[in-house]
1. Does region 10-24 hold any residues that are under 23 Å from Gly80 (Cβ atoms) and either surrounded by fewer than 15 Cβ atoms within 10 Å (Cβ to Cβ) or not small (Gly, Ala, Ser) (or both), and which are they?
2. In region 34-50, what residues are exposed (fewer than 14 other Cβ atoms within 10 Å of the Cβ) and part of a loop (DSSP other than H, G, I, E, B)?
3. Inspect region 100-116 for any residue being more than 16 Å from ligand 2 (Cβ to nearest atom), surrounded by fewer than 14 Cβ atoms within 10 Å (Cβ to Cβ) and under 23 Å from Ile144 (Cβ atoms) and give the result as yes or no.
4. Any residue that is within 16 Å of ligand 2 (Cβ to nearest atom), surrounded by fewer than 18 Cβ atoms within 10 Å (Cβ to Cβ) and on the phi < 0 side of the Ramachandran plot - is there at least one of those in region 51-68?
5. Could you list, in sequence order, the residues of region 86-111 that are away from ligand 1 (no atom under 11 Å from the Cβ) and either free of Cβ contacts under 8 Å to residues at least 40 places away in the same chain or more than 10 Å from the chain's Cα centre (by Cα) (or both)?
6. Considering only region 112-132, state which residues are assigned to a loop (DSSP other than H, G, I, E, B) and touching a residue at least 24 places away in the same chain (Cβ under 8 Å).
7. Could you say which residue among Lys29, Lys94 is at pLDDT below 95, part of a helix (DSSP H, G or I) and surrounded by fewer than 21 Cβ atoms within 10 Å (Cβ to Cβ)?
8. Being within 11 Å of ligand 1 (Cβ to nearest atom) and not polar (S, T, N, Q) narrows it down to one of Arg163, Arg150, so name that one.
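The values are calculated or read from the model by the stated rules, or taken from the named source; none is laboratory data. Just so you know, these numbers come straight off a predicted model, no measurement behind them. Cβ placement follows ideal geometry from the backbone for every residue including glycine, while neighbour counts extend to all protein chains displayed.
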Amino acid sequence: MIFLLKLWYFLPAAVANAAPVFARHPFLKKRIGNAPLDFGKTLPYDKKRILGDGKTFLGTFLGLLFGTLAGALQGQPLLGLALSAGALLGDIVKSFFKRRAGLVRGKPVVLIDQLDFVFGAVLLSLPFGFFDWTIPEFLLLCLIVLPLHRLSGMFGYFIRIKREPW
Ligand code: CTP
Ligand code: MG
């Protein structure tokens with residue numbers, strides 16, 4: 001498969017990663033609420049939030065929904081689901097470790113904040129035999145994601161859906 005086609009089939013991961021910010025929309029927030037995945041609970045051993053308020057049920061659902069939809073539109077609903085679940089999980093695991101490191105919700109960690117979803121999506125889609133990516137192709141994917149992530153973050157901030165431009 002040529003690299004461009006691989007990028008194309010990776011797109012649901014990016015959709016799943018971007019969709020959760022819409023959980024912050026006042027209409028959805030009011031209608032559905034923004035309960036956090038960790039129910040506001042802290043980890044007993046360090047007394048810090050398990051995940052923080054930035055990881056919500058609604059956001060996770062939106063990511064799964066739109067990511068899987070994107071995959072379905074490409075004729076690959078199962079792959080879309082795997083990529084989406086991986087993307088969201090990667091982001092959630094990242095937040096878990098950010099909280100352990102004492103970083104409050106929204107504090108940036110360069111590279112990890114941008115690439116968490118890539119690692120998660122690649123891992124969970126491995127069983128689908130889809131990732132016949134070479135190492136240089138994977139590195140190129142990461143290089144492409146970095147500026148795109150930055151641009152979409154600035155756009156989200158601009159339309160007032162994101163709290164921070166990163
Ligand atoms: N979001 C969500 N549910 C998720 C992921 C994201 O509701 N599973 C929403 C939250 O409103 C979050 C926003 O998308 O604030 C941006 O996501 P992200 O940058 O991943 O979260 P942060 O707020 O930066 O939190 P963290 O420090 O834990 O990364
Ligand atoms: Mg963030």
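1. Taking region 10-24 first, the residues under 23 Å from Gly80 (Cβ atoms) are 10-23.
Passing the criteria: Phe10, Leu11, Pro12, Val15, Asn17, Pro20, Val21, Phe22.
2. Ala35, Phe39, Gly40, Lys41, Pro44, Tyr45, Asp46, Lys47 - these are the residues of region 34-50 that are exposed (fewer than 14 other Cβ atoms within 10 Å of the Cβ) and part of a loop (DSSP other than H, G, I, E, B).
3. No - not one qualifying residue is present in region 100-116.
4. Within region 51-68, one or more residues are within 16 Å of ligand 2 (Cβ to nearest atom), surrounded by fewer than 18 Cβ atoms within 10 Å (Cβ to Cβ) and on the phi < 0 side of the Ramachandran plot.
5. We begin by selecting, within region 86-111, every residue away from ligand 1 (no atom under 11 Å from the Cβ); these are 86, 100, 102, 110-111.
Within region 86-111, Arg100, Gly102, Val110, Leu111 qualify.
6. Of region 112-132, the ones assigned to a loop (DSSP other than H, G, I, E, B) are 129-132.
Listed by number, the residues that qualify are Phe130, Asp132.
7. Working: Lys94 fails: at pLDDT below 95.
Only one candidate qualifies: Lys29.
8. Working: Arg150 fails: within 11 Å of ligand 1 (Cβ to nearest atom).
Answer to the selection: Arg163.
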